[in-house]
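The values are calculated or read from the model by the stated rules, or taken from the named source; none is laboratory data. In this text, all values refer to a predicted model and were calculated from it rather than measured experimentally. Because the Cβ atoms are built from the backbone with ideal geometry, glycine has one as well, and the counts that use them run over all protein chains shown. For accessibility, only protein heavy atoms count, side chains too; no ligands or nucleic acids. Shrake-Rupley method; radii C 1.70, N 1.55, O 1.52, S 1.80 Å.
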Amino acid sequence: MLPTFGYFAAIFIGLSLGIMGGGGSILTVPVLVYLMGVSPVLSTAYSLFVVGSTSVVGAWGYFRKGLVSLKTALVFLLPSLAAVFAVRKLLMPAIPHELFTVGSLVFTKDLLVLVAFAVLMVGAAVSMIRSQQAEQVLDEELHQKHAFNYPLILGIGLVVGTLTGFVGAGGGFLIIPALVLGARLPMKLAVGTSLAIIALNSLIGFTGDLSAGTPIAWTFLAGFLAFALGGIVLGTYLARYIPGAKLKPAFGWFTLAMGTFILLRELVFTP
């Protein structure tokens, strides 16, 4: 029964990406772990493939409208791609299965990934809950005269690449403010550019898994991706009628609840 809910959740992930231009990918790992029974570390690899593929579809729609800044994406991707590939190819395989013990709790590699992911979910949730206020602040900053901030773009690119590689999420809630404040991009252009960055980051990270010999269940992964792609196509259509900005706070509260649930389940109410 749970796998069935997992495929419905994949549709929901695509829907949120299509309507809001991001956010839904943060649910991919929890869905794969708790509904589909995939191990946390392998889920991060699957998530990179699903997030990357769905983001390609989303980014293509923005690109056709001229809402992707290729120059900014290139500057951002220089450190980001190197970081995400290195994390998937070198760091993840090198982390031992058991790290340390706190009382009766054995802190394993899987637990580390889930805790890191839950913390990222909480950060993304806060960003979405405060999205309207944050976008107003970003819009005000945009109208002030500043030069293209190369150090900021390169630095955030390195951070996002590392996070994407470690937890398998796109990091759009970090990328968009960096593009607006550092590259002076309007919000819609920042969203389109962010999707392009997430697509390349995620897929390059996934190639790191392939080169490291990670076993991939391609039939399962293709089926899950098909549901997510169906969701993003439907979400892109519905975006004409449903304002994504109004949905972000509600989705943010849901994401916050999920992140809190993971932390409590894994650290407090350990099975």
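Structure above, values below:
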item: Hits in the range 146-203 - residues which are assigned to a helix (DSSP H, G or I), small (Gly, Ala, Ser) and under 22 Å from Ile95 (Cα atoms); result: Gly161, Gly165, Ser202
item: Condition check for Ser127: under 27 Å from Leu256 (Cβ atoms), touching a helix residue (DSSP H, G or I) at 6+ places or on another chain (Cβ under 7 Å) and either surrounded by fewer than 21 Cβ atoms within 10 Å (Cβ to Cβ) or modelled with pLDDT under 90 (or both); result: yes
item: The range 231-253 - residue that is at pLDDT 85 or above and open to solvent by 40 Å² or more (accessible area, probe 1.4 Å) and, of those, farthest from Ala94 (Cα to Cα); result: Leu234
item: Exclusive hit being hydroxyl-bearing (Ser, Thr, Tyr), farther than 19 Å from Val56 by Cα and in a helix (DSSP H, G or I), set Thr214, Thr260, Thr207, Thr236; result: Thr260
item: The range 10-36 residues that are modelled with pLDDT of 85 or more, paired with ones that are surrounded by fewer than 23 Cβ atoms within 10 Å (Cβ to Cβ) and aromatic (Phe, Trp, Tyr) (beta carbon under 6 Å, 6 or more apart); result: Ala10/Phe227; Ile11/Phe227; Leu35/Phe5
item: Which numbered condition Phe85 misses (of (1) in a loop (DSSP other than H, G, I, E, B); (2) crowded, with 19+ Cβ neighbours inside 10 Å); result: (1)
item: Residue within the range 19-34 that is of a type outside the set (Phe, Trp, Tyr), under 25 Å from Gly182 (Cα atoms) and open to solvent by 30 Å² or more (accessible area, probe 1.4 Å) present; result: no
item: Of all residues in the range 35-60 being small (Gly, Ala, Ser) and open to solvent by 20 Å² or more (accessible area, probe 1.4 Å), the one that is nearest to Tyr237 (Cα to Cα); result: Ser53
item: All positions within the range 162-179 that are crowded, with 23+ Cβ neighbours inside 10 Å and either farther than 18 Å from Thr28 by Cβ or free of Cβ contacts under 8 Å to residues at least 24 places away in the same chain (or both); result: Ile176, Ala178, Leu179
item: Residue count for the range 207-230, restricted to those that are of a type in the set (Ser, Thr, Tyr), in contact (Cβ under 8 Å) with a residue 24 or more places away in the chain and surrounded by fewer than 16 Cβ atoms within 10 Å (Cβ to Cβ); result: 1
item: Subset tally (residues that are open to solvent by less than 20 Å² (accessible area, probe 1.4 Å) and among the charged types (D, E, K, R)) for the range 182-206; result: 0
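The rows are residues; the columns are (1) open to solvent by 30 Å² or more (accessible area, probe 1.4 Å); (2) at pLDDT below 90; (3) more than 15 Å from Gly168 (Cα to Cα); (4) in contact with a Ser or Thr (Cβ under 9 Å, 6 or more places away or on another chain).
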| position | (1), (2), (3), (4) |
| --- | --- |
| Ser80 | no, no, no, yes |
| Glu98 | yes, yes, yes, yes |
| Ser104 | yes, yes, yes, yes |
| Val113 | no, yes, no, yes |
